[in-house]
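The values are calculated or read from the model by the stated rules, or taken from the named source; none is laboratory data. Bear in mind the structure is a predicted one, so any value in this text is a computation, not a measurement. Positions of Cβ are backbone-derived with ideal geometry, glycine not excepted, and every protein chain shown enters the neighbour counts. These accessible areas exclude ligands, DNA and RNA; they are computed on the full protein's heavy atoms, side chains included. Shrake-Rupley method; radii C 1.70, N 1.55, O 1.52, S 1.80 Å.
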Amino acid sequence: MVHDTWVGVDVGGTKVLAVRVSASGEVEASATRPMPGRTASEAAVEDAVVAAAHDVYADGPPTALGISAAGLVDSTGERYLFGAHLPWRDAPVRARIAERAGLAVVLDNDANCAAHAELAVGAARGIDSMVMITIGTGIGGALVLGGRVVRGAHGLAGEFGHMQVVPDGLACECGLSGCWEQYCSGRALERVTRVALGRHLDGPEVAAMASAGDEVARQAFASIGTWLGVGVAGLVSAFDPELVVVGGGVSAVGDLLLEPARAALLESLQGTAHRPVPSLVPARLGPEAGAVGAALLARDAGKL
Ligand SMILES: [Zn+2]
């Protein structure tokens, strides 16, 4: 007998990643396709999503399909509003893909999907309130209170990367300046390293050097880790979560990033001797977190 499965597709700036998960959340298959690019047509991206989903079908179509997309998704999960790396603009993506794929579809922002995955099968199982930070090229975020992802009045909550941490600070791609992600992100890591070494290294190269003990690379991670802790302290002051989960590609170095962040969190938070300070822990799901979370959102859509 064919068992129930769900497919999640994560649409990022460079690739479209699909996973098929079982009812227990186990990943049974995965596949990637290139993202057609931000200058491609909206339909080309939808084709890539449906094709990637097909790549992980086994004996037949899944029970439902979840889409995780980098950028702004409206509060109803119907429309993709805006993202710097994807061509969709205020587009009814959920319904379009449901029609193309002939499946029930749910759509959410990638950080919300990652948070759902960590809650369901990852580092935040059994946790009622948490802040999720994903550090990649920039910073993504999600807030969970009362066991549910907080979406805000318009679906736009959790855009922590664009909180201003330095007045008149570094210019950000979003048009503002001094945004948190200018100081704590893969791009910030590359900038700090470039200033120290006088040459460009990409994030994975800096991570490899830091893991091998290179002092400049370790200091670069200490710099962005300290900014991570400073920003997290603000979020802890605002929301008092039980747990802070840090994911995204840059977090793969683990304690080289998280130890400076924990130290800065203690220094930047009010009254630490007299209050519980939440643990700052690595995400358990790696690069597939968004896709797995989308699949689990599709699984749970009827129950939420
Ligand atoms: Zn910004």
Can you work out which of the residues in segment 1-11 that are in contact (Cβ under 8 Å) with a residue 40 or more places away in the chain and surrounded by fewer than 22 Cβ atoms within 10 Å (Cβ to Cβ) is nearest to A298 (Cα to Cα)? D4
Could you go through segment 130-138 and let me know if any residue there is in contact with a strand residue (DSSP E or B) (Cβ under 8 Å, 6 or more places away or on another chain) and within 11 Å of the ligand (Cβ to nearest atom). no
Considering only segment 107-129, state which residues are surrounded by fewer than 24 Cβ atoms within 10 Å (Cβ to Cβ) and of a type in the set (A, V, I, L, M, F, W, C). A120, V121, A123, I127
In this structure, is I224 closer than 29 Å to E242 by Cβ, within 12 Å of the ligand (Cβ to nearest atom) and either open to solvent by 20 Å² or more (accessible area, probe 1.4 Å) or touching a residue at least 12 places away in the same chain (Cβ under 8 Å) (or both)? no
Would it be correct to say that A273 is at pLDDT below 95, surrounded by fewer than 22 Cβ atoms within 10 Å (Cβ to Cβ), in the same structural domain as T193 (by TED's automatic domain parsing) and part of a helix (DSSP H, G or I)? yes
Across segment 164-181, which residue is surrounded by the fewest Cβ atoms within 10 Å (Cβ to Cβ) among those that are near the ligand (Cβ under 9 Å from one of its atoms) and part of a loop (DSSP other than H, G, I, E, B)? G175
Examine segment 2-23 for a residue that is outside the structural domain of L145 (by TED's automatic domain parsing), farther than 22 Å from G141 by Cβ and of a type in the set (K, R), and state whether such a residue exists. yes
Matching entry among A233, A210, A217, A238 (being open to solvent by 10 Å² or more (accessible area, probe 1.4 Å), assigned to a helix (DSSP H, G or I), free of Cβ contacts under 8 Å to residues at least 60 places away in the same chain and among the hydrophobic types (A, V, I, L, M, F, W, C)): A238
For segment 145-161, does any single residue satisfy the condition of being assigned to a helix (DSSP H, G or I), within 14 Å of the ligand (Cβ to nearest atom) and either open to solvent by less than 60 Å² (accessible area, probe 1.4 Å) or without any contact (Cβ under 8 Å) to a residue 60 or more places away in the chain (or both)? yes
